[in-house]
Amino acid sequence: MRRDWIVAAVLVMVMGAQAGAELLTPRIVGWEQFFKLDWQADQRRGQPVVTGHIMNDWGFPARSIQLLVEGLDGTGNVVAQRVTWLSGELTPGMRAYFEEPAPQPGPAASYRVSVFAFTWIQVGGGNRD
């Protein structure tokens, strides 16, 4: 009897923790005007991955780019999320390949990728006398 009570209490705590978890959203509103993304679900060594390309469609180089990879269920609800870093800089017009493990639990019915955060590199502005 006591064991059943403990199991029930643990289940309530776990379900409550999951229900209270907030979903991540991109930190930069309107990132779509700066970057173009394409992606697809794939498999590597029997594990689900998300592969694709990101292109800098703006006039400044960007660095510290983070992608938000989301697993979606059959109705489009987010069931898993993962934030990942791209290495290096992305200069204007540059296109870069990415391959990231799918967020867990997985595999999901489909995936969505968005730019979570980035930093612009602004050049110039030195002292000209």
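A few notes on this one:
- Ser114, Ser64, Ser87 arranged by Cβ crowding within 10 Å, fewest neighbours leading: Ser87, Ser64, Ser114
- Other-chain or far-sequence residues with amide H under 5 Å of Ala80's (modelled H): Gly71
- Size check on the stretch 27-120: the Cα extents along the three principal axes, sorted descending, read 37, 28, 17 Å.
- Estimated vicinal HN-Hα couplings, Hz - the stretch 76-88 in sequence order (Karplus 6.51, -1.76, 1.60; Gly, Pro = x): x, 7, 6, 10, 7, 9, 8, 9, 9, 9, 8, 8, x
- Amide H contacts of Ser110 (H built 1.01 Å from N, in plane; Pro and chain starts excluded): Leu72 sit under 5 Å, all sequence-distant by 5 or more or on other chains.
- Dipole size of the stretch 27-120 about its Cα centre, with +1 on Lys/Arg Cβ and -1 on Asp/Glu Cβ: approximately 160 debye, rounded to the nearest 20.
Any read-out appearing in this document is the output of simple, stated calculations on the displayed coordinates, not a laboratory observation. Quick caveat, the model's predicted, so the values are computed rather than measured. Positions of Cβ are generated from backbone atoms using ideal geometry, with glycine treated the same way; all protein chains shown enter the neighbour counts.
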